[in-house]
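The values are calculated or read from the model by the stated rules, or taken from the named source; none is laboratory data. It should be emphasised that the depicted structure is a prediction, and the values quoted were computed from it without experimental measurement. Here Cβ is always computed from backbone atoms with ideal geometry, including for glycine, and neighbour counts include all displayed protein chains. Side chains included, ligands, DNA and RNA excluded: accessible areas come from the protein's heavy atoms. Shrake-Rupley method; radii C 1.70, N 1.55, O 1.52, S 1.80 Å.
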Amino acid sequence: MWFGHKVALTELSCSFGPGVTGLLGPNGAGKTTLMRAITGLLPLNDGIVRVLGRDPHRDRDVQRAVALVPEDEAVPPALTARRLVRYTAALHRVDDATLPERCLAAVGLTDVADRKVGGFSKGMRQRAKIAAALVTRPQVLVLDEPLNGADPVQRVALIDLFHALGDQGHTVIVSSHVLHEVERLASRQIVVIRGRLAAAGEHHAIRDGLAERPRSVMVRTPQARALAARLVGLDVVRGVTVDGHSLVVSSLRAGELAELLPRAARDAGARLVEVRPLDDSLESVFRELLQ
Amino acid sequence: MAVLGYTLRACLPARRWWGVLLPCLGAVLFGWLTTVADTTTQRAFAFVAEQGLFGLVMPLTCLVIGDAVLAADRRAGTFAFTWLSPVSFATIVVGRWLGGWIVALVTVVPALVLATVVAGVPEGLVAMAVAAGAGSAAYIALFVMLGVTTRRSAVWALAVVFLGERLLGEALSGIAQVSPMWEAQQVYAGLADDAGGWRLVRDGTPQGWAAVARLTTIVIVTLAVSTWRLGHLRPTGGDE
């Protein structure tokens, strides 16, 4: 997939199934392009996209099953939120007259449904677009940075909503640059870097797959220096950094370190207050993949 | 109906309406100018109709409407709301065009008819209504097509009107035969013979109802091209 001389996506092969899948990548990685290709909004220069076994760009019928919430703030400014939702419902021939109202309620826009979306804040626009997508009852829901501009309460509500959709068997694809939110949103992640697939799977599994990179463990103990002196002598330890009563241990073989650490602490006479892996979070996984 | 409703509600914000109504006001002023010209009313109106009504007011007003119904929606990135639906491309194109034409029927057509009345040529009223209705239908279809085939559709539309139709169409009969401006003029020329329409007759181009048929053909062809093109479009906003 390319735009002029710029290659947006290449050598990328992935699949999405029921449940919530997070799409991660730095700015310009190709996430939005991938999402637009999935929904058929962008035709591929080369390669294949199939949604429910059909080409979403050519087969108009696929659009019955797919909905996109784009990241950009573009909304028809002259329409009210209610009219926008009713418009998409009419396009999809939704015969349930109460569904638009229920979708507006689901995103917390009932009170402002008769206000023009042109006057909405960024977060409210996002929610209006989410309501417009939900009203089509999509089997595949693609959300590009859906939590942008939402306040903390709305974020929690939207995350719960996406989880509920995933639990109901819908395929929900969510991109976000707020990594801890993706971590809460989706157990399965797809990481795209520079238009290529960097990793795919459950984030702990992705982290385990990066075995050749050292993992860091934070150890808190009043006898930090004594424990550090003991640990640097071990084969499994690549480095130790001491900071007051805590130390960060770097190791390529985290499993062995977990077995050796209590023994080393006993030998050094150190009382272990806390032992915590530092790089098990999605953010650290993503940082390592980026490197 | 959903596409048509959206076109009427969402595609023409207040600023666009000013862009539509000001040329319409200009049309009435053109009609009034006829009454102060130092020549016969019919002769003066023929000149005003050619240069002002068909040559300026109708294309400019239809450009504002035709650009609004699809190209502006596409530029703003909001066309995706319509594109990402199971509605066929033909329905989208026809719905958008029809919405634009309805706006033209309640703005441009009455304005041109009013200009005819103000000018003191009431016998040309029906001919003007038919010419304006058919001409605006063709123009809006043309601008819808430019909206899906070009990136800077407003610039292309201006180039088509002023360079293509006015400049080349003046000299080349072949261009005039597929030009909404010239064909609309020939509709009036053919139907308003008694109202000085004969002064606008251009040899080699169909007149009257034959010109209406030609304008209908332009509508069908441009809408067909737009439908085909929509299937190859990247309907994203300006961020791409």
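Of the whole protein surface, A:Glu181 contributes about 10 Å² of accessible area at a 1.4 Å probe radius. Each pair of Cα atoms in the range B:2-229 enters the Kirkwood radius, and Stokes-Einstein at 25 °C and 0.890 mPa s then converts it into a translational diffusion coefficient of 141 µm²/s.
Using only protein heavy atoms and a 1.4 angstrom probe, determine the accessible area buried between B and A, summed over both sides, in Å² to the nearest 100. It would help to have the intermediate numbers written out before the result.
Values: alone 10890 and 14840 Å², together 23140 Å².
Looking at B and A, the buried total is near 2600 Å².
Each residue, A:Ala205 and B:Val126, gets one label point 7 Å from its Cα in the Cβ direction; the gap between the two is 7.7 nm.
Taking each residue in A:71-80, count the Cβ atoms of any other chain within 10 Å of its Cβ, then average. What number comes out? Before the final figure, lay out each step's value.
Details: counts 1, 9, 2, 12, 5, 11, 4, 8, 5, 1.
The mean count of partner-chain Cβ atoms within 10 Å per residue comes to 6.
Relative to its residue count, the range A:212-279 spans a Cα convex hull of 70 Å³ per residue.
Once all protein chains are placed together, A:Ser121 keeps about 60 Å² accessible to a 1.4 angstrom probe. For the pair B:Trp17 and A:Arg93, what calculated FRET efficiency results from E = 1/(1 + (r/R0)^6), where r is the Cβ-Cβ distance and R0 = 22 Å, to the nearest 0.05? Using R0 = 22 Å, I get an efficiency of 0.10. Counting only alpha carbon atoms, the long axis of helix A:122-134 and the longest principal axis of chain A meet at about 70°. With each label modelled as a point 7 angstrom along the Cα→C-beta vector, the A:Trp2-B:Leu25 pair spans 5.2 nm.
Once you have the Cα-Cα distance between A:Asp160 and A:Asp55, take 0.36 nm times their residue separation minus that, and quote the gain in nm to one decimal. Display every interim value, and only then the final one.
Details: separation 105, 0.36 × 105 = 37.80 nm, distance 3.06 nm.
Full-extension gain reported as 34.7 nm.
Run the Debye formula on the Cα coordinates of the range B:114-202, all scatterers equal and no solvent, and tell me log10 I(q)/I(0) at q = 0.11, 0.20 1/Å. Once normalised to I(0) and log-transformed, intensities are -0.35, -0.94. Not counting the cut sites, what is the longest span of chain B without trypsin sites (Lys or Arg not before Pro) that DSSP labels loop and that have at most 16 other Cβ atoms within 10 Å? The longest uninterrupted stretch comes out as B:1-150.
Under the simplified labelling scheme, the A:Arg271-A:Gln168 pair shows an inter-label distance of 5.4 nm, with each label point 7 Å from Cα along Cα→Cβ.
Between 0 and 90 degrees, the angle of helix A:254-268 with respect to the longest Cα principal axis of chain A falls at about 40 degrees.
Counting every pair of alpha carbons in chain A, the share spaced more than 24 Å apart comes to 59 percent.
Counting only other chain Cβ atoms within 10 Å of each residue's Cβ, the peptide A:88-100 averages 3. Bridging of A:Lys129 to lysines at a Cα separation below 19 Å is possible for A:Lys31, A:Lys116, once same-chain residues fewer than 8 apart are set aside. Mean separation of Cα pairs under 8 Å and 6+ residues apart, divided by the residue count of the range A:2-208: what relative contact order is that in percent? Result for the range A:2-208 is 33 percent.
Per residue of B:2-9, count partner chain C-beta atoms within 10 Å of its C-beta, then hand back the mean as an integer. Provide the component values of the computation, followed by the final result.
Working: counts 8, 3, 0, 4, 9, 0, 0, 6.
Average neighbour count from other chains, rounded to a whole number: 4.
Helix-only mean residue ellipticity at 222 nm, the protein assembly as shown, DSSP H runs n ≥ 4 weighted -39,500 (n - 2.57), per residue, nearest 500. What is it?
Numbers: 23 runs with 259 residues, N = 531.
The helix contribution divided over the protein assembly as shown gives -15000 deg cm²/dmol.
Using C-alpha pairs under 8 Å with a sequence gap of at least 6, the mean separation divided by the residue count of the range B:127-240 gives a relative contact order of 33 percent. With contacts taken as Cα pairs under 8 Å and at least 6 residues apart, the range B:2-229 reaches a relative contact order of 25 percent.
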